[in-house]
1. Calculate one ³J(HN,Hα) per residue across the range 145-154 by plugging θ = phi - 60° into the Karplus curve 6.51 cos²θ - 1.76 cosθ + 1.60, and present them in order as whole Hz with x for glycine and proline.
2. Near the amide H of His203, under 5 Å away, which other amide H atoms are found, from residues 5 or more places off or on another chain, if H is placed in the peptide plane?
3. Which ³J(HN,Hα) values, rounded to whole Hz and listed in residue order, are derived for the range 75-82 from phi using the Karplus coefficients 6.51, -1.76 and 1.60 in 6.51 cos²θ - 1.76 cosθ + 1.60 with θ = phi - 60°, glycine and proline given as x?
4. Lysine pairs in the range 55-206 8 or more apart or on different chains: how many have alpha carbons under 29 angstrom apart?
5. Mind listing the long-range amide H neighbours of Ile162? Cut-off is under 5 Å, sequence gap 5 or more, other chains count too, H placed in the peptide plane at 1.01 Å from N.
6. When N is the residue count of the range 55-206, what does its C-alpha Rg come to as a fraction of 2.2 N^0.38 Å?
7. Suppose we look only past 17 Å in the calculated P(r) of the range 139-208. What percent of the Cα-Cα pairs does that tail hold?
8. 5 Å is the cut-off here: which amide hydrogens, built 1.01 Å from N in the peptide plane, fall below it relative to Asp117, excluding neighbours closer than 5 in sequence?
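No value in this document is a laboratory result; all are computed from the given coordinates. What you see is a predicted model; the values in this text were computed from it and never measured.
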Amino acid sequence: MTTNADRIAAALRPLAPDNRLMPNEVPVINSLGELWEARAGSGVLVPAVAAGKYKLGKASMDRLANVRREIALTAMLAITLTVQDFVVLQTLRSVDEQRKAVASGNSRTMKSKHLPDETGKARAADLAAWENGAISWEFGRYADIAFAMDQAATQLGYAGNIRWGCAWDRVLSDFGGNRQAYLNEAEAYAKRHAGSDLIDGPHFEWVA
């Protein structure tokens, strides 16, 4: 059975020409018009895959090939929806890389979802805001990325299974699609867990 996520994946196929992220059983759909025809009467929202002004580069797509398909598809759809450009900074880490991340303070656990799962894929991606040809760490930009990821995950049916690194006890579906809610919740989480957790704006991870 072809799911809503599979149909959106088909619409996103032109963004991944080597098809590493696309299951073979999903039909090729090359335009929103074809997607709309395929869904006539289904009541399913058509993803805005043709509306975005940004796109992911080769390095970002290569990194997405090493993360769970759900996270990869969410990021691929989010880049078409976002008002803030972003790059995929990291997905899969080796155990040695994770040790170094912990030692440097960039992570606080050796149970990171960046480590390979039983399929060899990461369960997390770090998305960095890209502004004027460089990475920006201005926090408000990460709320915009989180908003786009929430929009994308909602269309794909994944919003209840993706966690943002600024609110480790929430999932994207908890925010109600409100940009300000991301800023408010990040501040509230920092107060609830003062000093104990890493507030990680670029981080998005899959939770079962």
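1. 5, 4, 4, 5, 5, 5, 4, 5, 5, 5
2. Counting only residues 5 or more places away or on other chains, the set is Leu127, Gly165.
3. Once θ is set to phi - 60°, the couplings for the range 75-82 become 5, 5, 6, 4, 5, 7, 10, 6 Hz.
4. 14
5. Amide H neighbours of Ile162, under 5 Å, 5+ apart: Leu172, Ser173, Val207.
6. On the way: Rg = 14.3 Å, N = 152, 2.2 N^0.38 = 14.8 Å.
That ratio works out to 0.96.
7. Numbers: 787 of 2415 pairs.
Beyond 17 Å sits 33 percent of the P(r) for the range 139-208.
8. HN-HN under 5 Å from Asp117: Ala122.
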